[in-house]
Structure formats: structure tokens, C-alpha cells
Amino acid sequence: MDDRPVGVPVSPDVLRARLASELQAAPLAPEQVIDELVSAVDPGLVASAGPRYFGFVTGQALPAARAADMLAAVWDQNAFSYASSPAAAVVEEVAERWVLDVLGLPATASVGFVTGASMANATCLAAARNVVLGRLGWDAARDGLIGAPALRVLASGEAHATIHGALRFIGLGAGSAELVDVTPQGALDVERLTLDGPAIVCAQAGNVNTGAIDDLALLAEKCRAAGAWLHVDGAFGLWAAASPALRQLVAGAELADSWATDAHKWLNVPYDSGLAIVADRVAHRSAMGLSAAYLIESEHRQNYDYTPEASRRARGFAVYAALRSLGRSGLAQLIDRCCAHARLFATLLSEGGLEVLNDVTLNQVLVAASPEQIARVQEDGTCWLGGTVWRGRSAMRISVSGYGTTEDDVRRSAAAILRATV
Ligand SMILES: Cc1ncc(COP(=O)(O)O)c(C=O)c1O
């Protein structure tokens with residue numbers, strides 16, 4: 001992983017030609033299937049599990065989390081319910097408690113182990129929709145949305161695309177959110193938010209371009225006064241709470257009503273692993289749960305009450321293993337180290353003549369670059385990063401989210417970026 005080119009471009013035709021194109025009639029030995037698969041896909045594998053992949057917001061997979069996730073497949077547990085896997089149910093119960101603890105969220109909140117922050121946003125916003133419509137005198141869980149009163153949804157002008165996707169998915173419509181102006185770093189400008197009654201407000205902890213975090217304490221105060229539900233999309237930024245040095249960036253997060261975050265980003269758990277967290281456990285269950293539909297009375301925490309799916313992979317094993325292997329101090333060091341590496345990137349690249357476009361307060365670094373320059377960095381293969389547009393300017397986005405990235409990796413990568421761009 002240290003040595004292979006991180007993500008050199010490959011054409012889909014090359015990959016298609018290496019795979020079997022027609023399904024044969026007869027069975028094949030499993031060893032043959034796997035040997036073939038491994039050699040066929042190799043040129044298309046991105047070294048995102050390695051230390052110099054800085055694309056999107058991609059964590060590596062901690063050894064313990066990776067092994068626990070492999071066991072989830074080997075044990076083939078159905079994490080649907082207590083009966084289908086007591087082990088999966090109780091591991092998620094413990095992981096729920098630990099996640100709330102390290103994120104500084106209320107111990108009474110509930111956590112659904114979902115596929116990622118996209119589905120965490122959808123899960124949390126479904127609970128928000130039902131509660132806020134309830135305040136307006138409408139039972140959305142029973143009666144749906146046809147004929148429901150108008151529901152105001154406000155989101156940061158810099159909300160992640162998956163917030164609008166989640167609103168579409170839960171029947172409110174991708175265009176339903178009123179967009180609130182943002183600060184120059186891309187945080188919601190709280191002064192520009194006006195509330196006149198029950199509504200859903202979608203805040204953000206961690207702008208995917210700049211890492212900026214909204215003023216959550218002030219937002220919570222405004223929402224509480226208006227009877228509005230505050231949802232925080234903290235796919236990666238919420239993990240700042242696990243670092244004593246950075247915790248103040250998310251001060252007030254604990255006052256929100258729901259939070260979406262990922263384990264597969266900054267907690268360094270393998271894909272797919274997101275966390276849908278709702279302060280009001282009853283609201284979470286009445287939006288997602290199956291207990292009511294199945295008339296199940298149970299003394300156990302039932303996983304199916306907190307996720308959109310019934311049968312699913314036992315995602316809690318890897319979350320439990322990641323937290324257990326890091327401990328509080330290891331988790332804080334992981335977060336701090338990534339942020340220190342992001343600052344080092346910014347220093348090295350600006351000393352080398354590139355323009356850093358954001359205040360590097362978290363793990364994201366935004367650097368002015370043309371699409372051609374970004375393509376040259378990708379082709380070089382020393383590291384991989386993606387492109388974006390920030391305030392009308394083309395930029396490369398460097399996200400440092402993996403436990404294994406060293407200072408040497410940052411220096412090697414910065415040198416490669418400078419060679420390819422300056
Ligand atoms: C702020 C934010 N929200 C949501 C998402 C979507 O997360 P996922 O891809 O895990 O569904 C991302 C992904 O980068 C993100 O940065």
C-alpha cells in the first residue's frame with residue numbers, strides 16, 4: 001500500500017476486458033473465482049486504504065475495525081433484531097453508548113447504525129419531519145404528507161448535497177430548503193437565519209470544502225426559542241468533539257435534536273458505516289421502528305427500531321472495535337494528528353507558491369488549482385486528491401482523515417503536488 005501508485009487513471013475497457021464478460025453455465029471453485037477477481041480488478045483499485053489518499057473525506061480502516069468487519073461477513077450475522085443476533089444487538093448497544101460519550105452528545109440519545117451520513121441525514125430528517133409536523137397538528141407517521149401543513153425547512157447555503165437528497169428521499173422535495181447565507185469560510189451565517197415558528201434547520205459541522213463548522217450554540221438557542229428542530233450534518237466534523245484541543249469548535253452540538261455522522265470517515269471504520277443519532281429516542285423509533293408495526297414488545301434494544309433497513313450487516317462490530325482499539329486518547333490523537341498534517345500541507349504548499357483558499361481549522365485544505373494541474377497530480381500517483389469549485393475558483397481539496405498518514409507522507413505528497421503544479 002505504501003508503494004503502489006495511489007490512484008492512477010484507468011479506462012473502464014481495460015477492466016471490462018479483464019473480467020469474465022459472460023456468466024458461464026456451470027459452477028466454479030471459489031478459489032478460482034477469487035484468484036481471478038483479485039488479478040482482474042487490480043488496476044482499478046485505488047489505494048484509499050493507504051496513507052496518501054486525500055480524496056473526498058476518506059478514512060483508512062484501522063486494523064481492529066477491518067478485522068471486525070471481516071468477521072461480520074464471516075459470521076454472517078443478521079443485525080435485524082435481538083433474536084436474529086444477540087451478539088450484534090448488544091455490541092450495537094455498547095457502541096451506541098461509547099459513540100454518544102466520545103461525541104459529547106446526550107447519553108439518552110439513540111443511534112442507528114446506517115450505511116453512511118447520507119442515510120443518517122435521511123433517518124434524522126424523517127424523525128424531524130414527523131415531530132415538527134406533529135407540532136403543527138399533523139401525524140405524518142400515520143397519514144403521510146398528502147394534505148399536510150406547509151413545513152419550513154432551512155439549510156445552510158453550503159449544505160452538503162446529501163441534505164437535499166435526504167429531503168427528496170423523505171418526501172419533502174430536494175428544492176424544499178430555504179438556503180441561508182454563509183460566512184466567507186462557508187459556515188451558516190446565524191444572523192441571516194430568521195425563524196417564526198416550528199421548522200427544521202439543517203446545520204453543518206464540517207464544510208466538505210473548508211472544514212468550517214456552524215455556530216451550533218447560537219443556532220440551538222434560536223431553534224429552541226422558535227420551536228424548531230436543529231439537525232447537524234456532522235459527517236466528519238462532529239468528531240472534533242473527541243479531541244480536547246478541538247472540542248470548542250463544536251460547542252453547543254449537544255443542544256441539537258439530531259446528528260448525522262460517519263464512522264467510515266474520521267473514525268476509520270471500513271465502508272459502509274454511518275450513525276443516525278436522535279436526541280428523542282421515541283421520535284427516532286416512531287420514524288424508523290418496526291416494533292409498532294409488528295406489535296413486538298421487547299425488553300431488548302432492537303436494532304430495527306433505529307435504521308431504515310430490517311435485515312442488514314452487523315455494522316456495530318467494526319465501530320466497537322475501532323473505539324476499543326483507539327481508546328479516548330488514541331481517538332483524540334487521530335483527530336489532532338490529521339489536523340496537524342492538514343496545517344503542514346497548507347504551509348508547505350503556500351511556501352511552494354500555491355494559494356491556500358481556506359482557513360485550515362480542521363482536516364480540509366483547499367488549494368487553488370486548475371483541472372489540468374489536478375489531473376497531473378493524479379497521474380503522478382504519489383498521492384490522490386480531488387477537485388472542487390470554491391467561490392467560482394477551481395481548487396484541489398486535500399482531506400487528511402486516515403490514522404496511518406505520517407509527516408513523511410505529507411512531505412512526499414506536497415513535493416509531488418508542487419512538482420506537478422508549479
Ligand atoms: C458534510 C457531509 N455530509 C454528508 C456526506 C455524505 O456522507 P456519505 O458519503 O457517508 O453518505 C458527506 C461526505 O463527504 C459530507 O462531507
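Structure summary
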read-out	value
Only one of Ala235, Ala225 that is more than 10 Å from the ligand (Cβ to nearest atom) and either of a type in the set (A, V, I, L, M) or within 20 Å of the chain's Cα centre (by Cα) (or both)	Ala225
Where Asp380 falls short, out of the listed (1) among the acidic types (Asp, Glu); (2) more than 25 Å from Pro244 (Cβ to Cβ); (3) surrounded by fewer than 17 Cβ atoms within 10 Å (Cβ to Cβ)	(3)
Flag if Arg66 is in a helix (DSSP H, G or I) and within 30 Å of Arg281 (Cα to Cα)	yes
Residues (within 29 Å of Pro149 (Cβ to Cβ) and within 16 Å of the ligand (Cβ to nearest atom)) located in the range 201-222	Val201, Cys202, Ala203, Gln204, Asp214, Leu216, Leu219
Subset tally (residues that are within 22 Å of Gly147 (Cβ to Cβ) and either crowded, with 21+ Cβ neighbours inside 10 Å or within 12 Å of the ligand (Cβ to nearest atom) (or both)) for the range 170-183	3
Condition met for Asp196 (of a type outside the set (S, T, N, Q) and surrounded by fewer than 16 Cβ atoms within 10 Å (Cβ to Cβ))	yes
Any hit, the range 234-250, residues being aromatic (Phe, Trp, Tyr) and surrounded by fewer than 24 Cβ atoms within 10 Å (Cβ to Cβ)	no
Failed criterion for Leu295 (all others in (1) among the aliphatic types (A, V, I, L, M); (2) surrounded by fewer than 16 Cβ atoms within 10 Å (Cβ to Cβ); (3) modelled with pLDDT of 95 or more hold)	(3)
Arg4, sole failed condition from (1) part of a helix (DSSP H, G or I); (2) at pLDDT below 95; (3) basic (Lys, Arg)	(1)
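Let's see how each residue does on (1) within 15 Å of the ligand (Cβ to nearest atom); (2) among the hydroxyl-bearing types (Ser, Thr, Tyr):
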{"site": "Val99", "(1), (2)": "no, no"}
{"site": "Pro106", "(1), (2)": "no, no"}
{"site": "Thr115", "(1), (2)": "yes, yes"}
{"site": "Cys124", "(1), (2)": "yes, no"}
{"site": "Arg129", "(1), (2)": "no, no"}
{"site": "Trp138", "(1), (2)": "no, no"}
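The values are calculated or read from the model by the stated rules, or taken from the named source; none is laboratory data. Given the structure is predicted, the values throughout are model-derived calculations rather than measurements. No Cβ is skipped: glycine too gets one built from the backbone with ideal geometry, and neighbour counts run over all protein chains shown.
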